[in-house]
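The values are calculated or read from the model by the stated rules, or taken from the named source; none is laboratory data. Just so it is clear, the model here is predicted, and its values are computed rather than measured. Every residue, glycine as well, gets a Cβ built from its backbone with ideal geometry; the counts of neighbours run over all protein chains shown.
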2 protein chains.
Amino acid sequence: METGLLHTFSQDYKQLLENELKSLVEELDAPSIIKESMTYSLEAGGKRIRPLLLFATLDAFGLDPRNGLLAAAAIEMIHTYSLIHDDLPSMDNDDLRRGKPTNHKVFGDAIAILAGDALLTYSFEVVGKIPNEYASPETKLKLTIEMAKAAGTEGMVGGQVADMEGEGKALSLEELEYIHIHKTGKLLKYCVLAGAIIAGATQSQIENLSAFAHHLGLAFQIQDDILDVVGNEHLIGKPVGSDKTNQKSTYPKLLSLDGARDALHRQIKLSKDYLEKTGLDTNLLMELTDLVASRDH
Amino acid sequence: METGLLHTFSQDYKQLLENELKSLVEELDAPSIIKESMTYSLEAGGKRIRPLLLFATLDAFGLDPRNGLLAAAAIEMIHTYSLIHDDLPSMDNDDLRRGKPTNHKVFGDAIAILAGDALLTYSFEVVGKIPNEYASPETKLKLTIEMAKAAGTEGMVGGQVADMEGEGKALSLEELEYIHIHKTGKLLKYCVLAGAIIAGATQSQIENLSAFAHHLGLAFQIQDDILDVVGNEHLIGKPVGSDKTNQKSTYPKLLSLDGARDALHRQIKLSKDYLEKTGLDTNLLMELTDLVASRDH
């Protein structure tokens, strides 16, 4: 489903981002083991959908996506820290992530916890490193605050708590959406918001972009649940059906597989409708939205 | 050793801080279990030396310590998160902290990890909440950057990693100092730096205050090691001699108990010398320094 435009864009900016992540850790004056552990998980990255969302948002405003490189690196650090902590034995107890041993399987639980802490902490310093010509101190402070909100108890951490609390229980659709909106949705929304903040978007653009990202986040999660039922184990990098094994509430379970597919298409449609209302050059964001709906891993 | 001046000051501002910490968590729209877990550890606080250092620094500049209330709350959140994570079974595996069951003993490992993550994340949002009349957006951004540096791999996390790496090994005095300067020293230094930044200190004041805090941090840690040998178990809230049981390198072990006491007095003297060079009204900071040297828990 990736067309030429998004494909080239993704490849170019993924590479830029990965180089940036690598050198941001390299320049730290710190014990080598913690840097190795941070880099191990940062390099295990997949499609880098979050950074690409930010880059594509800047592109929609006619700005050079490079202006958002450090903001994107900070987001990917937060996403990576959350995966490291989620995989821990006392959390989801996962041995594999994207087909590679999880951080704690390689470095031990203590270093994995600290690598997560370090990535989360560093993400805020990294936002501070954005050159003033791309974002004023006031803009950088705003990014910091919004990033903390998206990642904290009112966002990602809150969603993870609700997810754990709901384990083994039969959740309602509303409870399931609370989890997803917080656990993955808020950070995805922040990616788009960060682009809008850097671009100096109007209030109405911010509202439409936020609504776009909200529905995109739900679509992302519904597709995740669908893939867990029908996906290819090799591509996903984790055993297919693991949610079912854990007796997790999922969209296919609550809505049937066909119902989940309908819900997915409804969310995709809603997200595109809001995108159109922005009046921006949203080609890349549209393609990214299609990519989320049709991805096979 | 606490005189009247510091005693009253401590009591007033400790209370203010504790009320602030409580309401900052209360106002979060998040699952109740994570808020309870955060508050449990925030309320288990001891002397609140870090916030008091910040308040006393503002006082030295003739400013109302209340201007630093949110910055101090953020620091105490970071300190508290570090204790929660350090106590985990895969880290120091401590069941008691200040005489109370540690966070994971009450809430389980998963919530304890997430409460730590949540406090760390929230600390950056809390700095962003400082009213503009106390700190400009530029000043707040500077606070977040310096706080991240003090707490991350080049500070506290790096010190914790080095501490774990050094476990069971005979460390040199240099290696021991690396651990302390990073694990506890950098955040203590940041408390003073944060006060100086809010007060708009000159470069020379910042340098002298940083040197003061550096030596104070070392004094703090030497006294900690001494207390572990001679302290009263009831007052400290953890078994005396636990460092020895863990075969940890300590100042008394490397320098003998008398040697450690000499080193303590040398660091106290150095810190006071730098304090005098600032030309500020440092009565409270002087008393706080004496308190560190003579505390019995």
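Could you list, ordered by first residue, the pairs with Cβ atoms under 9 Å in which the first is in the range B:14-41 and in contact (Cβ under 8 Å) with a residue 24 or more places away in the chain and under 15 Å from B:Lys105 (Cα atoms) and the second is crowded, with 17+ Cβ neighbours inside 10 Å and basic (Lys, Arg), at least 6 apart or interchain?
Once the first residue is in contact (Cβ under 8 Å) with a residue 24 or more places away in the chain and under 15 Å from B:Lys105 (Cα atoms) and sits in the range B:14-41, its partners that are crowded, with 17+ Cβ neighbours inside 10 Å and basic (Lys, Arg) give B:Ser41/B:Arg97.
Pairs needed: first member in the range A:255-279, within 20 Å of A:Ser210 (Cβ to Cβ); second member anywhere, part of a helix (DSSP H, G or I) and among the acidic types (Asp, Glu); C-beta distance under 8 Å; at least 6 residues apart or different chains.
A:Ile268/A:Asp290
Looking at the range B:127-146 only, could you name the residues that are facing chain A (nearest Cβ under 7 Å), buried (at least 17 other Cβ atoms within 10 Å of the Cβ) and over 19 Å from the mean Cα position of the chain (by Cα)?
Let us first name the residues in the range B:127-146 that are facing chain A (nearest Cβ under 7 Å), namely B:128, B:137-138, B:140-141, B:144-145.
Now drop any that are not buried (at least 17 other Cβ atoms within 10 Å of the Cβ), which leaves B:128, B:137, B:140-141, B:144-145.
Once the filter is applied, which keeps residues that are facing chain A (nearest Cβ under 7 Å), buried (at least 17 other Cβ atoms within 10 Å of the Cβ) and over 19 Å from the mean Cα position of the chain (by Cα), the range B:127-146 yields B:Gly128, B:Pro137, B:Lys140, B:Leu141.
Take B:Ala150 and tell me if it is within 20 Å of A:Asp109 (Cα to Cα) and aliphatic (A, V, I, L, M).
no
Check A:Ala151, A:Ala201, A:Ala194 and return the single one that is over 16 Å from the mean Cα position of the chain (by Cα) and modelled with pLDDT of 95 or more.
Of the residues listed, the single one that is over 16 Å from the mean Cα position of the chain (by Cα) and modelled with pLDDT of 95 or more is A:Ala201.
Of all residues in the range B:147-205, count the ones that are part of a helix (DSSP H, G or I), of a type in the set (Asp, Glu) and at the interface with chain A (Cβ under 9 Å from one of its Cβ atoms).
1
Please specify each residue of the range B:247-284 satisfying the condition of being hydrophobic (A, V, I, L, M, F, W, C) and in contact with an Asp or Glu (Cβ under 8 Å, 6 or more places away or on another chain).
Correct list: B:Leu255, B:Ala260, B:Ile268, B:Leu284.
Could you please let me know if A:Ser256 is crowded, with 20+ Cβ neighbours inside 10 Å, small (Gly, Ala, Ser) and either modelled with pLDDT under 95 or assigned to a helix (DSSP H, G or I) (or both)?
No.
Limited to the range B:20-38, what total is found for residues that are surrounded by fewer than 18 Cβ atoms within 10 Å (Cβ to Cβ) and closer than 26 Å to B:Leu96 by Cβ?
Selection size over the range B:20-38: 4.
So, in the range B:87-126, exactly how many residues are more than 7 Å from chain A (Cβ to nearest Cβ), surrounded by fewer than 22 Cβ atoms within 10 Å (Cβ to Cβ) and either free of Cβ contacts under 8 Å to residues at least 60 places away in the same chain or assigned to a helix (DSSP H, G or I) (or both)?
8
I'd like to verify a number: residues in the range B:67-86 that are within 11 Å of chain A (Cβ to nearest Cβ) and among the charged types (D, E, K, R), how many?
Matching residues across the range B:67-86 total 1.
Residues in the range B:23-35: is at least one away from every other protein chain (no Cβ under 11 Å) and under 15 Å from the mean Cα position of the chain (by Cα)?
no
Could you tell me whether A:Leu254 is closer than 26 Å to A:Pro51 by Cα and either touching a Lys or Arg at 6+ places or on another chain (Cβ under 8 Å) or among the aliphatic types (A, V, I, L, M) (or both)?
It is false that A:Leu254 is closer than 26 Å to A:Pro51 by Cα and either touching a Lys or Arg at 6+ places or on another chain (Cβ under 8 Å) or among the aliphatic types (A, V, I, L, M) (or both).
Anything in the range A:171-216 that is under 17 Å from A:Ala260 (Cα atoms) and basic (Lys, Arg)? List them, or say none.
Listed by number, the list is empty, since nothing qualifies.
Within the range B:36-66, take every residue that is part of a helix (DSSP H, G or I) and among the small types (Gly, Ala, Ser) and give me the one that is nearest to the other protein chains (Cβ to nearest Cβ).
Residue satisfying both the conditions and the ranking: B:Ser37.
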